[in-house]
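Read through the structure below, which is laid out as structure tokens, and then see the notes.
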Amino acid sequence: MVTASAGDSARPADAGRAPSGPGPDPSAPLLSLRGIGKSFGPVQALTDISFDIPAGQVTALVGDNGAGKSTLIKTISGIWEPSAGQIVWKGRPVHLHGPRDAAALGIATVYQDLALADNLDIVANMMLGHEKRRFGLLDEVGMELTAKKTLADLRVTTVRSIRQVVGSLSGGQRQSVAVAKAVMQDAQLVIMDEPTAALGVTQTELVLSLIEQLSSSGPAVLVVSHNLSDVFRVADRIAVLYLGQLAAVGPASDFDTQSTVELMTTGRSARVGNGNGSSASSVSARGSGTEG
């Protein structure tokens, strides 16, 4: 069932990049947000955000402009430290001091601009910063084989040659290269920010298929999107933000398009329940339930 947000908003002790204590809990969600808050001076951008991101599933993060989506993914990515709450990775609290800490855990973020070098080919982009060397020289053959295998594992078949310059690729192909780069870095959580924005029908289909293939291979995927058709196509779970608070979170089957729009625009909906509008349950942006 869909639940409203909650959580302990107390700021955690600094767990650092390598927290002490017992090892990862195999039964715990991959990532848990517990009472996450973020303020910029007097402006409260996020308040009491609590939900789980399980491994092997696609979680969609939706909300209107200004709802706090970008702030939340930048907090998960280590760009901004939370002002309150805990980030829990595999059952262990962690404190992310920067993007390198997130990357060390296995969190990779693919932003809208994709951060690709248009003047380099696909292999060079995928291996950038992680180049292989052999006898002190770049191992071009080894890097090419690695890039080919990664694209094949993701079932990316629309690329004519992996030696194509990235600037010549379509939007969907560029998304594929950016995601493949994240996978090569052993990402366990891939965050995708508006991955189908400004793409045509064919390229959108390519990206959605890529998301499905990625999650089925084990990593968790967090997709930020305004396109509800895309969301309901790929999402296993949906989290809705409204004015910096969590309006609702739960299995995608508990939502429909109308209830999701209502939650995005008003923070509540009487339709949330089994996804077909027959439930009379009401979800408030300031709810008191917790996700179990």
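The values are calculated or read from the model by the stated rules, or taken from the named source; none is laboratory data. The shown structure was predicted, so the numbers you read here are calculated from the model rather than taken from an experiment. Heads up, the Cβs are rebuilt from the backbone with ideal geometry, glycines too, and the neighbour counts pull from every protein chain shown.
Quick one: would you say Asp193 is acidic (Asp, Glu) and either more than 28 Å from Thr71 (Cβ to Cβ) or not assigned by TED's automatic domain parsing to the domain that holds Ile73 (or both)?
For Asp193, the condition - acidic (Asp, Glu) and either more than 28 Å from Thr71 (Cβ to Cβ) or not assigned by TED's automatic domain parsing to the domain that holds Ile73 (or both) - is not met.
Out of everything in the range 152-208 that is under 15 Å from Ala103 (Cα atoms) and of a type in the set (S, T, N, Q), what residue ends up being nearest to the chain's Cα centre (by Cα)?
Gln188
Give, as residue ranges, the strands (runs of 3 or more DSSP E) completely inside the range 213-275 that count at least 1 residues that are of a type in the set (Lys, Arg).
Hits in the range 213-275: 237-242.
Can you tell me which residues in the range 49-67 are more than 14 Å from the chain's Cα centre (by Cα) and surrounded by fewer than 21 Cβ atoms within 10 Å (Cβ to Cβ)?
Within the range 49-67, Asp64, Asn65, Gly66 qualify.
Could you check how many residues of the range 175-214 are of a type outside the set (A, V, I, L, M), closer than 18 Å to Leu151 by Cα and buried (at least 22 other Cβ atoms within 10 Å of the Cβ)?
Qualifying residue count, the range 175-214: 4.
Within the range 130-144, can one find any residue that is touching a residue at least 12 places away in the same chain (Cβ under 8 Å) and within 24 Å of the chain's Cα centre (by Cα)?
Yes: the range 130-144 contains one or more residues that are touching a residue at least 12 places away in the same chain (Cβ under 8 Å) and within 24 Å of the chain's Cα centre (by Cα).
For the range 59-73, which residues satisfy the criterion of being touching a residue at least 24 places away in the same chain (Cβ under 8 Å), of a type outside the set (Ser, Thr, Tyr) and either closer than 14 Å to Leu33 by Cβ or outside any strand (DSSP E or B) (or both)?
Leu61, Asp64, Gly66, Ala67, Gly68, Lys69, Leu72, Ile73
Is it true that Ser77 is among the hydroxyl-bearing types (Ser, Thr, Tyr) and within 20 Å of Asp186 (Cβ to Cβ)?
yes
Only one residue in Thr204, Thr146, Thr157 is in the same structural domain as Asp101 (by TED's automatic domain parsing), more than 21 Å from Asp118 (Cβ to Cβ) and among the hydroxyl-bearing types (Ser, Thr, Tyr), so which one is that?
Exactly one of Thr204, Thr146, Thr157 is in the same structural domain as Asp101 (by TED's automatic domain parsing), more than 21 Å from Asp118 (Cβ to Cβ) and among the hydroxyl-bearing types (Ser, Thr, Tyr), namely Thr204.
Which residues, counting only those in the range 143-174, are surrounded by fewer than 17 Cβ atoms within 10 Å (Cβ to Cβ) and more than 22 Å from Ser217 (Cα to Cα)?
Across the range 143-174, the qualifying residues are Arg160, Ser161, Arg163, Gln164, Val165, Gly167, Ser168, Ser170.
Answer yes or no as to whether Pro251 is surrounded by fewer than 23 Cβ atoms within 10 Å (Cβ to Cβ), in contact with an Asp or Glu (Cβ under 9 Å, 6 or more places away or on another chain) and of a type outside the set (S, T, N, Q).
Criteria met by Pro251.
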